[in-house]
1. Answer yes or no: is there a residue in segment 104-122 that is touching a residue at least 12 places away in the same chain (Cβ under 8 Å), of a type outside the set (D, E, K, R) and touching a Pro at 6+ places or on another chain (Cβ under 9 Å).
2. Name the single residue that is nearest to R81 (Cα to Cα) among those in segment 114-143 being out of contact with any Gly (no Cβ under 8 Å at 6 or more places or on another chain) and among the hydrophobic types (A, V, I, L, M, F, W, C).
3. Hey, any hits in segment 62-69 for a residue that's assigned to a helix (DSSP H, G or I), modelled with pLDDT of 90 or more and under 29 Å from the mean Cα position of the chain (by Cα)?
4. In segment 71-99, how many residues are at pLDDT below 90 and either over 26 Å from K134 (Cα atoms) or not assigned by TED's automatic domain parsing to the domain that holds V130 (or both)?
Amino acid sequence: MSVAMEIIKSLPLTELRRLVALKENQPQIESLMDRRDRLMEEVRMLQNQIDELIETGSDRGRRRRIGPSVKSLCIEAFRGRKGAGMTAAEAKDFILAKHPHRNNRTFYNQVFIALTRSDLFKKLKSGKFVLDEKALERTERPTGA
């Protein structure tokens with residue numbers, strides 16, 4: 001019994017009160033802990049269902065764009081301003097004047113990428129782009145005829 005008395009003497013009064021409250025409420029605490037464990041298992045099952053739905057939804061693939069590509073809109077813009085070079089910002093503004101529904105946060109980047117990646121456009125030292133009509137004619141010519 002002296003070991004128990006030593007332990008009791010070493011604990012602060014607040015800890016002793018906490019232990020007494022724990023002992024008095026033990027049945028209620030145990031039932032709440034059981035309920036918590038059941039609810040946590042249900043949460044895990046729900047999360048697994050959500051993850052499965054997300055994974056099956058990602059198998060559908062990307063939605064197909066409707067309307068002309070940005071590259072073809074750029075070609076249209078350059079043909080609309082014969083002989084004049086344009087910056088990517090000017091091409092964007094020209095396109096948006098005719099197709100305002102295409103405006104979004106990344107449209108300038110889309111235009112710039114279309115101009116720099118396509119062989120149909122040449123970048124001048126001034127930073128402007130011009131349409132290479134000869135390259136365009138080669139791509140539009142029917143093959144095998």
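1. No; the residues of segment 104-122 include none that is touching a residue at least 12 places away in the same chain (Cβ under 8 Å), of a type outside the set (D, E, K, R) and touching a Pro at 6+ places or on another chain (Cβ under 9 Å).
2. The qualifying residue nearest to R81 (Cα to Cα) is L131.
3. no
4. The qualifying residues number 0.
The values are calculated or read from the model by the stated rules, or taken from the named source; none is laboratory data. Source: prediction; values computed, not measured. FYI the Cβ positions are ideal-geometry reconstructions off the backbone, even for glycines, and counts take in every protein chain you see.
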